[in-house]
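Where a number appears in this text, it was derived from the coordinates with a stated rule and is not lab data. This one's a predicted model, so the numbers in the text were calculated from it and none came from an experiment. Please note: Cβ atoms are built from the backbone with ideal geometry, for glycine as well, and neighbour counts cover all protein chains shown.
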Amino acid sequence: MAETENWSALSPEEKKRELFAKQKALLDTFLATGAITQSQYDFSLNGLKTKMKISDAGSTGSPVN
């Protein structure tokens, strides 16, 4: 999604997916730069999925090490 896209035009589900993708990308960056461990990444990603009610099928991919 383009940063300039109007959030008000998105459905609640689309907003949730977009927020999840942004949060996951941040976790991916933290892991890739060594700011967090794989264990911390897994714990945080699992918590994010649980809180946002995202299934594994809805994830945006695997982390980059």
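Sites listed here are trypsin sites (Lys or Arg not before Pro) in segment 1-55 whose DSSP assignment is loop and whose Cβ has at most 11 other Cβ atoms within 10 Å: LYS53. Rounded to the nearest 0.05, the FRET efficiency derived from the C-beta distance between ALA32 and MET52 at R0 = 25 Å is 0.70.
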